[in-house]
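Just below is one structure, and these are the notes that go with it.
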Amino acid sequence: MAIPYGFEKMASGNVRMVAPEIGVVQRIYQRYVDGASLGGIAAQLEADKVVAPSSKDKWSRSVIDKILSNGKYVPYAIPMELFVAVQFEKESRSNIQTNNDGSMQRKTTRYSSQNVLSGLLVCAECGSNYRRITKPSSEVVWRCSDRVENGKRSVCKHSPTITDINIKALISEKLALTVFDEETVRRKLSHILVKSNRQIDIAYSRGLALHL
């Protein structure tokens with residue numbers, strides 16, 4: 001397994017953080033959520049003569065993007081809240097298209113009318129999205145996609161499975177809805193962090209967090 005930039009393998013076989021490089025990683029994350037582009041971050045790092053991974057002189061957009069997508073930095077180098085903020089910022093930027101006349105507009109939303117919670121539920125342990133699963137009994141539940149795809153090999157070890165009925169009931173209660181309303185959820189919520197102790201953090205589109 002490749003060791004991410006900012007970490008090194010010791011003679012004992014253990015992996016430790018490399019302080020200067022981890023500082024660069026933290027800088028990349030913060031610059032991105034502050035609005036800098038991948039190319040802009042790369043150019044600034046080169047201007048500051050920061051050595052890129054594998055001792056390369058040039059920082060590429062793809063290298064920056066890979067660092068921003070690597071959940072292995074959580075929580076040792078990057079707080080989960082910052083990692084999730086970066087993932088949603090990346091998705092938001094990818095949802096913008098440039099028209100022929102040079103104007104910009106948002107592409108179709110990440111949500112679908114059939115499944116408004118897709119892309120909304122995020123694992124607080126590993127940063128992966130939750131995936132909708134229909135059990136043989138026809139019960140619908142939500143599970144961390146990392147655990148679904150990788151099983152025992154997954155980074156995530158403690159994320160809970162949540163039933164569709166329960167998560168919708170919690171959301172409805174906190175939004176003061178008598179019934180679950182997809183349009184209200186779509187308009188108001190940015191994401192929901194699902195914690196291992198079954199506590200949930202709701203983040204509104206304007207950044208207001210509500211702890212359940």
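Coordinate-derived values only; no laboratory data. All of these numbers come straight from a predicted model, not from anything done at the bench. Don't worry about glycine lacking a Cβ; one is built from the backbone with ideal geometry, like all the others, and counts go over all protein chains shown.
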At 7 Å along Cα-to-Cβ for each site, give me the label-to-label distance between residue 139 and residue 157 in nm. 2.6
With the chain treated as a Gaussian network of Cα nodes joined by springs under 10 Å, which of 44, 87, 26 yields the largest mean-square fluctuation? 44
If you filter the stretch 32-81 for trypsin sites (Lys or Arg not before Pro), then keep DSSP loop positions with at most 12 other Cβ within 10 Å, what is left? 49, 56, 58
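Going by how many other beta carbons lie within 10 Å of each one, how would you line up 178, 163, 134, fewest first?
Numbers: 178 6, 163 13, 134 10.
Ranked by crowding around the Cβ, least crowded first: 178, 134, 163.
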Past 27 Å, Cα to Cα: identify those pairs from 174/195; 90/135; 72/135, in the order given. 90/135; 72/135
Report the charge-dipole magnitude of the chain in Debye, nearest 20, computed about the Cα centre from +1 at each Lys and Arg Cβ and -1 at each Asp and Glu Cβ. 380
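How do 32, 130, 5, 204 line up, fewest other C-beta atoms within 10 Å first?
On the way: 32 23, 130 26, 5 20, 204 14.
Ranked by crowding around the Cβ, least crowded first: 204, 5, 32, 130.
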Choice from 62, 137, 118 showing the highest fluctuation, given a GNM over the chain with Cα pairs closer than 10 Å: 137
Label point distance in nm, residue 76-residue 197, each placed 7 Å from Cα along Cα→Cβ: 2.4
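For the chain, what does the relative contact order come out to in percent, with C-alpha contacts under 8 Å and a separation of six or more?
After rounding, I find 11 percent.
Would you work out if the stretch 121-211 is rounded, prolate or oblate? Take a ≥ b ≥ c from the square roots of the eigenvalues of the alpha-carbon gyration tensor; rounded if a/c is under 1.5, else prolate when a/b is larger than b/c, oblate otherwise. Mind dumping the intermediate values first?
On the way: a/c = 2.25, a/b = 1.42, b/c = 1.59.
Oblate.
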Here P(r) for the stretch 1-82, Cα-Cα distances in 10 Å bins, as whole percents, is 17, 54, 26, 4, 0
Could you give the length gained by full extension between residue 90 and residue 18, i.e. 0.36 nm per residue of separation minus their alpha carbon distance, to one decimal place? 23.3 nm
Which entry is the computed semi-axes √(5λ) of the Cα gyration tensor in Å for this structure: (1) 26, 20, 18; (2) 36, 20, 16; (3) 33, 23, 14? (3)
